[in-house]
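Written out below as structure tokens is the structure these notes cover.
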Number of protein chains: 2
Amino acid sequence: MIDTTPAASAKPPGARDRLIGAAVKVVREKGFNATSVDELCREAGVTKGAFFHHFPSKTDLGIAAAEAWKLHANELFGHAPYMVHEDPLDRFLGYLEFRRDLLDGPVPEFTCLAGTMVQESYETLPALREACQDSIWGHALTLVPDIEAARARHGIEGAWTSDSLALHTQAVLQGAFILAKATNGSQAARDTADHLIRYVRMLFNLPPEKPDLSGPIGQPEGGNHG
Amino acid sequence: MIDTTPAASAKPPGARDRLIGAAVKVVREKGFNATSVDELCREAGVTKGAFFHHFPSKTDLGIAAAEAWKLHANELFGHAPYMVHEDPLDRFLGYLEFRRDLLDGPVPEFTCLAGTMVQESYETLPALREACQDSIWGHALTLVPDIEAARARHGIEGAWTSDSLALHTQAVLQGAFILAKATNGSQAARDTADHLIRYVRMLFNLPPEKPDLSGPIGQPEGGNHG
DNA sequence: GACAACATACCAACTGGTCGGTATGTTTCC
DNA sequence: GGAAACATACCGACCAGTTGGTATGTTGTC
């Protein structure tokens with residue numbers, strides 16, 4: 001799933017990459033503190049010696065995983081189908097709809113690694129907290145140019161900054177993940193994503209989404225990213 | 001700070017209540033798994049024997065803390081100043097503004113215990129997950145009557161349910177807490193709360209909030225709120 | 001191109017310490 | 001005096017991290 005190798009790298013991933021992959025998977029399920037080094041080694045098919053050869057501490061693996069997570073997200077969303085839209089507002093709304101559509105399947109598969117880890121680290125592991133901030137902000141800020149361009153193109157004023165709206169989308173999604181975890185289901189998360197989309201459309205003076213029909217912007221339904 | 005005793009109870013709190021108070025405090029700072037039973041006992045001024053006399057397991061203390069947290073929240077917000085408003089919409093908006101204003105001071109003092117714990121428990125401790133859901137939902141649902149009444153009074157239609165809007169407010173706040181934890185500051189959290197308030201005002205056809213007083217848009221830095 | 005010198009990747013076994021939880025007292029209160 | 005409320009001492013399991021090593025490159029030198 002998460003591919004940290006530089007694209008067409010042929011040789012199989014080494015212990016370091018496998019450990020990062022294991023961290024992304026297991027930490028999202030159980031949290032950072034509840035995941036032991038032994039379990040990460042087992043999941044990665046690696047010994048403990050290899051672990052501490054590549055990472056000075058468990059925290060350092062968390063930091064590397066947060067970094068990989070950011071690259072993964074920006075790769076995924078930077079090449080998603082909605083990016084073909086010419087109007088930056090269509091791209092921004094396409095992003096939000098795509099994120100909503102991702103809220104299907106098992107909960108551990110759509111939640112955010114950085115959002116999970118930061119809750120456990122913000123007071124106790126400053127380096128990991130900072131890596132999580134960098135991961136979240138580094139993804140959020142990729143939205144800002146489209147938001148800015150959309151405001152300019154559609155002549156939207158409003159007493160809000162594009163940065164704050166980009167971060168707000170991430171906050172709503174993070175909150176949606178918490179609702180999903182609390183219920184072990186995704187309905188509440190989808191509902192809150194719908195509210196977010198409704199909000200953004202109102203900010204840009206668009207009518208509400210049509211429940212299902214092919215709307216003015218076209219649903220990315222069936223959009224299957226490779 | 002958090003007072004789990006029933007108001008005018010004269011005698012000092014026993015070990016059970018002190019442990020719940022300690023859990024509310026320490027778990028919000030460090031998370032559930034990173035908080036040891038010994039540390040909870042130390043914080044509560046209680047021995048380990050007393051701990052396991054009152055709670056069969058550490059998880060059971062977490063469950064009791066989530067329950068106490070819900071009661072605490074509903075007590076706090078059920079008697080807040082904005083509740084005197086006659087218009088249910090004023091009460092709902094007053095709640096949101098109150099929550100935004102609470103986003104001052106140290107991060108561990110305004111975050112949500114249930115939101116913190118559910119991330120660490122949803123896949124591994126089903127009973128605690130359920131207690132967290134009950135805590136979050138139990139608070140969110142107290143907003144529904146006012147939202148319903150506000151819709152009726154102001155003739156608001158919209159393709160959304162009052163339940164989903166109540167949950168959306170909680171999701172945004174939970175997401176705001178994550179941004180605050182990631183930055184170890186509350187500016188981003190306040191900004192996202194502003195977006196939430198703007199959204200609700202738009203849903204109810206109200207003009208945007210006035211920024212504050214003097215100044216063009218006036219950054220809330222150095223917040224003058226008492 | 002052969003060989004020493006060094007670097008990287010990985011491994012199995014182990015360590016000191018901490019964990020949640022228990023067994024067995026002692027005190028307090030009615 | 002009996003039960004509930006606490007305290008003390010302790011346990012086995014597990015934890016992150018260390019140790020001392022091997023196998024496999026890579027690089028420099030003649």
- Message: With the requirement that a residue be in a helix (DSSP H, G or I) and at pLDDT below 95, what does region A:146-189 give you?
- Response: none
- Query: On the given criteria, is B:Phe55 of a type in the set (Phe, Trp, Tyr) and out of contact with any Asp or Glu (no Cβ under 9 Å at 6 or more places or on another chain)?
  - Reply: yes
- Item | Residue, farthest from the other protein chains (Cβ to nearest Cβ), within region A:167-189, restricted to residues that are touching a residue at least 60 places away in the same chain (Cβ under 8 Å) and among the polar types (S, T, N, Q) | A:Ser186
- Task: Starting from region B:152-166, take each residue that is more than 8 Å from chain A (Cβ to nearest Cβ) and list its partners that are acidic (Asp, Glu), counting only C-beta distances under 6 angstrom and pairs at least six apart or across chains.
- Result: B:Ser162/B:Glu148
- Message: Quick check on region A:197-206. Is at least one of its residues assigned to a loop (DSSP other than H, G, I, E, B), modelled with pLDDT of 95 or more and exposed (fewer than 15 other Cβ atoms within 10 Å of the Cβ)?
- Response: yes
- Give the residue, chosen from A:Ala50, A:Ala23, A:Ala114, that is modelled with pLDDT of 95 or more and part of a helix (DSSP H, G or I). A:Ala114
- Task: Could you check how many residues of region B:99-109 are within 13 Å of chain A (Cβ to nearest Cβ) and not in a helix (DSSP H, G or I)?
- Result: 2
- Query: Taking B:Pro88 and the conditions (1) buried (at least 20 other Cβ atoms within 10 Å of the Cβ); (2) more than 11 Å from DNA strand C (Cβ to nearest atom), which numbered condition does it fall short on, given that it satisfies the others?
  - Reply: (1)
- Would you please name the residue that is farthest from DNA strand D (Cβ to nearest atom), looking only at residues in region A:21-55 that are within 11 Å of another protein chain (Cβ to nearest Cβ) and in contact (Cβ under 8 Å) with a residue 60 or more places away in the chain? A:Arg28
- Task: Scan A:Lys70, A:Lys58 and give me the residue that is within 13 Å of DNA strand D (Cβ to nearest atom), in contact with a helix residue (DSSP H, G or I) (Cβ under 9 Å, 6 or more places away or on another chain) and of a type in the set (Lys, Arg).
- Result: A:Lys58
- Item | Residue tally, condition exposed (fewer than 15 other Cβ atoms within 10 Å of the Cβ) and under 19 Å from the mean Cα position of the chain (by Cα), over region B:45-69 | 0
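A:His72 - would you say it is without any contact (Cβ under 8 Å) to a residue 40 or more places away in the chain, more than 12 Å from every other protein chain (Cβ to nearest Cβ) and assigned to a helix (DSSP H, G or I)?
Answer is no for this residue.
Right, A:Thr192: within 8 Å of chain B (Cβ to nearest Cβ), in contact with a Ser or Thr (Cβ under 9 Å, 6 or more places away or on another chain) and modelled with pLDDT of 95 or more or not? Can you show your working first?
Values: within 8 Å of chain B (Cβ to nearest Cβ): yes; in contact with a Ser or Thr (Cβ under 9 Å, 6 or more places away or on another chain): yes; modelled with pLDDT of 95 or more: yes.
Taking the combined requirement at face value, the residue satisfies it.
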- Message: Residues that are modelled with pLDDT under 95, out of contact with any helix residue (DSSP H, G or I) (no Cβ under 6 Å at 6 or more places or on another chain), part of a helix (DSSP H, G or I) and acidic (Asp, Glu): does region A:81-98 have at least one?
- Response: no
- Taking the stated definitions as given, is A:Gln174 closer than 21 Å to B:Asp194 by Cβ and crowded, with 20+ Cβ neighbours inside 10 Å? yes
- Query: more than 11 Å from DNA strand C (Cβ to nearest atom) and within 14 Å of chain A (Cβ to nearest Cβ), is that true of B:Arg18?
  - Reply: no
- Task: Kindly provide the set of residues from region A:120-151 that are over 22 Å from the mean Cα position of the chain (by Cα), basic (Lys, Arg) and within 9 Å of another protein chain (Cβ to nearest Cβ), ordered by number.
- Result: none
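For B:Ser121, are the conditions met, namely being modelled with pLDDT under 95, of a type in the set (S, T, N, Q) and surrounded by 23 or more Cβ atoms within 10 Å (Cβ to Cβ)?
Judged against the criteria, B:Ser121 is a match.
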- Counted residues, region B:34-47 - those being more than 7 Å from DNA strand C (Cβ to nearest atom), part of a loop (DSSP other than H, G, I, E, B) and on the phi < 0 side of the Ramachandran plot: 3
- Lone unmet requirement of (1) farther than 21 Å from B:Lys30 by Cβ; (2) in a helix (DSSP H, G or I); (3) within 16 Å of DNA strand C (Cβ to nearest atom) for A:Leu61: (1)
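The values are calculated or read from the model by the stated rules, or taken from the named source; none is laboratory data. Note that the structure is a prediction, hence the values are computed from the model and not measured. Glycine also receives a Cβ, built like all others from the backbone with ideal geometry; neighbour counts cover every protein chain displayed.
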